[in-house]
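The values are calculated or read from the model by the stated rules, or taken from the named source; none is laboratory data. Nothing here was measured: the structure is a model prediction, and the numbers come from that model. Cβ coordinates were reconstructed from backbone atoms using ideal geometry, including for glycine residues, and neighbour counts include every protein chain displayed.
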Amino acid sequence: MDTTLVLTNDMLWVLGLVAFAMAMFLFERIRADVVSLVVLVVLGLTGLVAPEDLFGGFSSDAVINVIATMILGAGLDRTGALNRLAGWLLRRAHGIERRLVLLASAVAGLNSAIIPNTSATALYLPVASRLTARTGVSLSRLLMPMSAAIIMGGCLTMVGNSPLILLNDLLVSANASMPSGAASLAPLKMFAPLPIGLALLATSLAYFHFFGQRVLRESGDEAVTPARTQSYFARTYGIEGDIHELTVTADSPLVGMSVGDAEALVDMPLLLALRTGEESRLAPPADTRIWVGSVLGVMGRREDIVDFAQKNFLRVSSRLRVFGDLFNPARAGISEAVIPPTSNFIGKSQSQLRLRKQFGLSLLAINRDGKVLREDVRNVPLQAGDMLVLHSIWTDLAEAARSRDFVVVTDYPKDEQRPHKFKIAMAIFALSMLLALSSRIPTSIALMTGVAGMLVTGVLKIDEAYAAISWKTVFLIACLIPLGWAMDSSGAAAWVAGHSIERLPQGMPPWLIEIALALFTTAFSMVISHVGATIVLVPLAINLALAVNGNPTAFALVVALSASNNFVTASNPSVSMITGPAGYSVRDMWRSGGPLTLLYTGVIVAMVNLLY
């Protein structure tokens, strides 16, 4: 490489913009997406990027991939896929903390291969909350391993995280500035980084499995956590246990009995659902009759339910076969509501209000002046200030709350959930991944095929798809992509690379330069975010590789992978999202994430050299 390049005005402008972006990202005086927009405008005003190319970042494959993966992730979330996953994890872990952490982290890491890290973290926070509520394992011992696995799992594919999504565009744009005689850089295929991602994920799982007891602290009850609804209702109202299905046999005394009469039986568990014939419904009205073959959806401790079933000749199902969709937490659950002084419910009982028939609400308990009423609550007249404990479908609760006769105080999913679309969503998602695996179809087209499929089949509505897109992320990436182009076209990357090589010892092996580049990228990403680090340093890495006769693709891949190597600071969005819920301090993050950062660097350099 020619190290006698003269520093031109164009180079100074580009390097000045890089310095400006670093300073703004570091001090956070201006939002990151606004900073990137300012950079874009300056690139256009100074002519560093041609007007016809200036807004090309918005139409780049990288941005399209980001948009598509966000929408696909929202589609899976809307069908309750992750709530099903939480139930599966609970069954497989058998109450063992280390096994639960290992399984949850492994599944989260694998999912992040096709869901952006930030989206995956957002989707798994409620899953983690549900796991901790059911098992007692603190969030501080669960969230960090899951977050690390999500970050490392993002390296399994070229669409798992923003740096890898950007990489192909940067490789293609670098061809315009390659020296004569140098081979063109080809985009990497969808699963090109798979072996590296698997090695990283395995490293993360092993690290926390064997050393988690040392590097993760145990939080007390004071730690801030997302709503632990099940443990809360068990502690406050004595409402505990799981949902079970009981099938009525011909010998059962419940045959011909009304729901109201059945609820009055001794030791009767909470009756939340009933299936008679082909009709299944939550909150069955009190006058509904129970017949042979009817299926009851009841809640309580398993041993109590088994005893009740034996006394009344009912068959206990081993799992939810009839009410699986109805009791999906994404669709239904327990909530609290307060009776205001202006309510029309005052002085009336549940049986008079016909809460089940009119609104689809089951009244489980009443908290009145600190005293919990659970016996015969359907006949207790309601008073102003009563706290009602309700079980319902979320959409029914939202509809009933519009009457203003009660105020819901529990946070619950107000958007429509579609668990009945689960199989369709999974089939569409699998098809889009298979298309992406094919070398004949660009990844962006494959992913958008999945988006179109979810919209056409009703998994998502178009307005929901728009809402799923983080436009801040889109603008950040699209506006900074031209800065990477300017680094190449102006010669700034070549100038920095040439002068860096001059200061390195003669005969320094390429792998040692890769380690230094990886650590530099990691430090850089902690200052200006993983997106900014990738856009600025990939052109530099390519020029460094050319200077030492290394593989430009390998050097660029080291940078893209290292840009996500941040487990300790809030500049990584996935990390910033878990610090509050788990109550992590800066010291906690460095104690667990510091060693993992060094392991990450060693693994990617070793694997990249092995593969390239």
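Which fully enclosed strands (runs of 3 or more DSSP E) of the range 242-284 have 1 or more residues being touching a residue at least 12 places away in the same chain (Cβ under 8 Å), within 16 Å of ASN379 (Cα to Cα) and in contact with a strand residue (DSSP E or B) (Cβ under 8 Å, 6 or more places away or on another chain)?
Working: elements: 242-248, 270-276, 279-282.
Counting at least 1 such residues, we get 270-276.
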What residue, among those in the range 371-414 that are closer than 27 Å to ASP463 by Cα and of a type in the set (Lys, Arg), is modelled with the lowest pLDDT? LYS414
Of the listed residues (LEU353, LEU361), the one being surrounded by 22 or more Cβ atoms within 10 Å (Cβ to Cβ), at negative phi and at pLDDT 85 or above is LEU361
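Could you list, in sequence order, all residues of the range 70-103 that are farther than 29 Å from SER470 by Cβ, at pLDDT below 75 and not charged (D, E, K, R)?
LEU90, ALA93, HIS94, GLY95, ILE96
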Is it fair to say VAL409 is under 39 Å from the mean Cα position of the chain (by Cα) and among the hydrophobic types (A, V, I, L, M, F, W, C)? yes
Starting from residues that are of a type in the set (Ser, Thr, Tyr) and over 17 Å from TRP485 (Cβ atoms), keep the ones in the range 2-18 and report whichever is modelled with the lowest pLDDT. THR3
Output the residue which, of all residues in the range 147-194 that are under 20 Å from the mean Cα position of the chain (by Cα) and polar (S, T, N, Q), is nearest to ASN551 (Cα to Cα). THR157
Looking at the range 374-413, which of its residues are touching a strand residue (DSSP E or B) at 6+ places or on another chain (Cβ under 7 Å) and either without any contact (Cβ under 8 Å) to a residue 40 or more places away in the chain or among the basic types (Lys, Arg) (or both)? ARG374, VAL377, ARG378, VAL380
Go through (1) at pLDDT 85 or above; (2) assigned to a loop (DSSP other than H, G, I, E, B); (3) surrounded by 13 or more Cβ atoms within 10 Å (Cβ to Cβ); (4) of a type outside the set (Phe, Trp, Tyr) for GLN417 and report which single condition fails. (1)
Please verify whether the range 432-446 includes one or more residues that are within 30 Å of ARG281 (Cβ to Cβ) and either of a type in the set (Val, Ile, Thr) or touching a Cys at 6+ places or on another chain (Cβ under 7 Å) (or both). no
Would you pick out the residues in the range 248-271 that are of a type in the set (Asp, Glu) and at pLDDT 90 or above? ASP251
Out of ALA384, ALA398, ALA452, which single residue is assigned to a helix (DSSP H, G or I), hydrophobic (A, V, I, L, M, F, W, C) and under 19 Å from ILE339 (Cα atoms)? ALA398
Look at LEU156 and say whether it is more than 25 Å from PHE429 (Cα to Cα), modelled with pLDDT of 85 or more and in contact with a Pro (Cβ under 9 Å, 6 or more places away or on another chain). no
Taking the stated definitions as given, is ILE290 more than 29 Å from VAL127 (Cα to Cα), surrounded by 17 or more Cβ atoms within 10 Å (Cβ to Cβ), in contact with a Ser or Thr (Cβ under 8 Å, 6 or more places away or on another chain) and of a type in the set (Val, Ile, Thr)? yes
Being part of a loop (DSSP other than H, G, I, E, B) and surrounded by fewer than 19 Cβ atoms within 10 Å (Cβ to Cβ) is the filter here, so list the residues in the range 146-184 that pass it. MET178, PRO179, SER180, GLY181, ALA182, ALA183, SER184
